[in-house]
Amino acid sequence: MTKTRRLLRVCSLSVAAAFVVSCQESVSESDHYQTPDWLKGNAYEVLAQEGNHTMFLKGIELSGYRPIVEGKSIMTVMAPNDDAFAKFLQQQGYSSVEDMQAKAPVQLKNTIGYHLMYYAYDWDKLVNFRPNEGDGASQEQKQLEAGMWYKHRTHSADDMEQMRGKLNSVDTTVTVYHYERFLPVLSNRFFATKGIDAKANYEYFYPNSTWSVSGDGFQVSNASVTDQAAVITDNGYLYHVDQVLNPLETIYKTLKQNPNYSKYIGLYDQYAEFTEAATETSEKVGQVVYTLTHGVLPNIAMEWPSTSYLAMSVIERHGYSIFAPSDQAIDRFFQNYWTAEGGYKSLADLDPLVLRYFLMQSFANVSEPVFPDEIRKGTVTTVFGTPININPDEVDDRLMCENGVVYGMNDMDAPAIFSAVVGPAFKDTTYQCYLYTLDKSDLVLSLASNKSEFVTLIPTNKQYRQNDPAMRLNTTTAGRLLEVYSDVDGNYATMGQSQAQDIVNMHTAPNINALKSEGTQVVETNVAFNYWFVHDGKITTNARFNEQLNPEYTGSPFVGFTEISNNGSPWSNGRAYAYDATNLFTQATGDGMEHLLAVGNDKNYAYYLFAQLLQKAGLVDAKTSTMPSLASLGNRLVAFVPTNEAITQNLAKIPGTARLTIGADGTLSGSPTSTQKAELAGYLRGYFVSSLMNTFTSYPYPGSSFKGTFLTMGGGELTVNSSDSSLTVSTDGGTPVAVSQKYYGLPFAYSDGCLQFIDGILE
């Protein structure tokens, strides 16, 4: 039976009794007119009747909270007795409550208000609050993330203050509004849901308190609850606690008040700006007011994660976990990581993007407090998904705050991103353009993973400027932007994410640990069917390598490369290199292999005779310069092309060529009959392997995955044998033909297919 129904029943019974009570009886003696045991008065009256809360009640009165506590506002009160309050006053250096009011009225008000919670929370609600389902929660729902809505709104709040800072990028002074503090209520259910030990993890943050909870109990911040059940009052619930609750501050204010973290907060405040508070807040105070925020960084200065008090599922659970380096830790890390040669001589020199990543990596990738046992399990990562590489036992400052927790460290290792293969971009101003490309690509996280091994090429700012089209890092009112020159309008435009991803992927190779300084090496990049070719200590890409097929090309496509170390050591997940090209390495684009073979009408082409055979066989459409019977949209063709020398020596062995001759200039003359033409076409199709008929993820080269037996476009089979040093092809029962070593066995790879020269013809 609810309290309301019981009260109505008492009242109705009392009225009925008035008609039957004898005139000789005193009405006051009737049981029907006695106050029920469960109705004890309002919270103030109950505490006054108990007699051992005089200091707390005096604080309530002096702070102006008495009308609330003895009024009709529904609330929950956490009440320390006189012994607890006397101990608190002594620790704070005050002789009495009145002395505290005289010397520190704001502190007293905030302390008293921290014991007064909005709304009425019975025992079950404090153990396992259900903001979404409410009292109608099923048993199944109550088991879901039980205890995780762990903090509750109090009447403790700082007064509004005047602050100077950025508003719409302009320095100004505004009125900053502070929302009420939240009080953590930690239960056995809370720690059980996290799967960690309650006592050890609670006392990690509250070393001066003892976890003494059994069963479905809870503790309130730094204090233990001495009740076995909630005390019901006229206006809510009352609990007795054995210590005065110390009001918690935001992470921002906690660190700002600690001089050991002045540099961290100084860096953080470079992103400080003001944001207009909620409309209802402005209406409440009668003026436009603001909150202090920090742009792209987590808002550790905000008391609430949402400005709406109705968003209880968020504000009663959300909390940041921050791994904050002290001034000592930052100084030591700066000296060990950055160098004057790299362009960063002091913290003030750090690029804004470097600074943002440095700060962001100090946050855990969860929206609730992280406890030490969770870190030890290895389940906690940064917001970038990289490991939290700290030992909780070596943390110097362990701080519970109203909007999360702080692990304050006097020493720190390099954040995972800074020590990964993209580290040079964060370490050296020479690579700032690439740093902004990485950020735009949204691929930093994957390249910082310690679950994979990478080799990266790191292009310089100069290579960006000399690229075609040219690229630049431009400082605007919106910040630093990576821009690309457009030939269409002669202006620069902001680089898009797709283009940034193409650049990063072309400069990244997975699953290898180094580039070779001797011999030949083919490296598959993160762009499918695009490669780096390494030969005798120099490097190129397939796009640059392909230029050799142009008869007018002179020189070498290969350029030198140099390893970029991490102060003399490899990076945590691979190696990084600079390369000496004038501009950026790019993937193969434009006219592909089909077009190449269809228009090969220059005798200086290495594939000139093969291209002429394709034309004689009717496999080339001269009007469109395509090979419609071989290539189609979405189809990749691998062509094993006999060299001009191989065809010259074996023309008579090629079916359908009886009427064809090769002139002194290498031109193929003569016309096959229709029968010979069909015979020649069928034979030439046997040199092509199509992705429509076969599955392959790489083009053929010595050591590649392209090996085994494949169906050809001619209906036959082609066997490819591959080792680390050689590659051969053969038909069923035919003699193996070696891939030509003129180009070191490397493929000419295009967006639509691949050409490999072979030293003979297929049987």
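The values are calculated or read from the model by the stated rules, or taken from the named source; none is laboratory data. Everything numeric here is computed off the predicted structure, so don't read it as measured data. Every residue, glycine as well, gets a Cβ built from its backbone with ideal geometry; the counts of neighbours run over all protein chains shown. Just the protein is used for accessible areas: all its heavy atoms, side chains included, with ligands, DNA and RNA removed. Shrake-Rupley method; radii C 1.70, N 1.55, O 1.52, S 1.80 Å.
Which residue is least open to solvent (accessible area, probe 1.4 Å), if the candidates are limited to the range 176-208 and must be charged (D, E, K, R) and either in contact with a Leu (Cβ under 7 Å, 6 or more places away or on another chain) or in a helix (DSSP H, G or I) (or both)? Among them, the one singled out is 181. Candidates are the residues of the range 653-669 that are in a loop (DSSP other than H, G, I, E, B) and farther than 22 Å from residue 714 by Cβ; the one that is most open to solvent (accessible area, probe 1.4 Å) is 664. Taken together, the criteria exclude residue 449 from residues that are open to solvent by less than 70 Å² (accessible area, probe 1.4 Å) and out of contact with any Gly (no Cβ under 9 Å at 6 or more places or on another chain).
So, residue 209, is that one among the hydroxyl-bearing types (Ser, Thr, Tyr) and touching a residue at least 60 places away in the same chain (Cβ under 8 Å) or not? No. Here the condition is being over 29 Å from residue 706 (Cα atoms) and modelled with pLDDT of 95 or more; of 648, 657, it holds for 657 alone. Candidates 619, 613: the one that is at pLDDT 95 or above and under 17 Å from residue 763 (Cα atoms) is 613.
For the range 599-636, residues that are open to solvent by 40 Å² or more (accessible area, probe 1.4 Å) and either assigned to a helix (DSSP H, G or I) or in contact with a Gly (Cβ under 6 Å, 6 or more places away or on another chain) (or both) total 4.
Are any residues in the range 403-428 in contact with a Phe, Trp or Tyr (Cβ under 7 Å, 6 or more places away or on another chain), open to solvent by 10 Å² or more (accessible area, probe 1.4 Å) and over 17 Å from residue 445 (Cβ atoms), and if so, which ones? Of everything in the range 403-428, those that are in contact with a Phe, Trp or Tyr (Cβ under 7 Å, 6 or more places away or on another chain), open to solvent by 10 Å² or more (accessible area, probe 1.4 Å) and over 17 Å from residue 445 (Cβ atoms) turn out to be 409, 412, 427. Does at least one position in the range 541-556 carry a residue that is of a type in the set (A, V, I, L, M, F, W, C), open to solvent by less than 20 Å² (accessible area, probe 1.4 Å) and either within 23 Å of residue 433 (Cα to Cα) or without any contact (Cβ under 8 Å) to a residue 60 or more places away in the chain (or both)? No: zero hits. Checking 514, 478, 500 one by one, the residue that is open to solvent by less than 20 Å² (accessible area, probe 1.4 Å) and not polar (S, T, N, Q) is 500 and no other. Residues in the range 105-140 that are closer than 24 Å to residue 95 by Cβ and among the β-branched types (Val, Ile, Thr): 106, 111, 112. None of 705, 751, 730 is touching a residue at least 12 places away in the same chain (Cβ under 8 Å) and either assigned to a loop (DSSP other than H, G, I, E, B) or within 29 Å of residue 557 (Cβ to Cβ) (or both) except 751. Note on the range 457-475: residues that are among the hydroxyl-bearing types (Ser, Thr, Tyr) and either out of contact with any Cys (no Cβ under 9 Å at 6 or more places or on another chain) or surrounded by fewer than 21 Cβ atoms within 10 Å (Cβ to Cβ) (or both) amount to 2. Where helices (runs of 4 or more DSSP H) sit wholly within the range 79-175, those with at least 1 residues that are acidic (Asp, Glu) and under 25 Å from residue 195 (Cα atoms) occupy 123-127, 139-143. From the list 589, 582, 494, the lone residue that is surrounded by fewer than 19 Cβ atoms within 10 Å (Cβ to Cβ), of a type in the set (Val, Ile, Thr) and free of Cβ contacts under 8 Å to residues at least 24 places away in the same chain is 494. Looking only at residues in the range 388-402 that are in a strand (DSSP E or B) and touching a helix residue (DSSP H, G or I) at 6+ places or on another chain (Cβ under 6 Å), the one that is most open to solvent (accessible area, probe 1.4 Å) is 398. The residues of the range 296-334 that are open to solvent by 40 Å² or more (accessible area, probe 1.4 Å), of a type outside the set (S, T, N, Q) and more than 30 Å from residue 133 (Cβ to Cβ), listed by number, are 296, 331, 332. Counting only residues that are under 22 Å from residue 627 (Cβ atoms), touching a residue at least 40 places away in the same chain (Cβ under 8 Å), outside any helix (DSSP H, G or I) and not hydrophobic (A, V, I, L, M, F, W, C), how many does the range 673-702 have? Residues meeting the conditions: 6.
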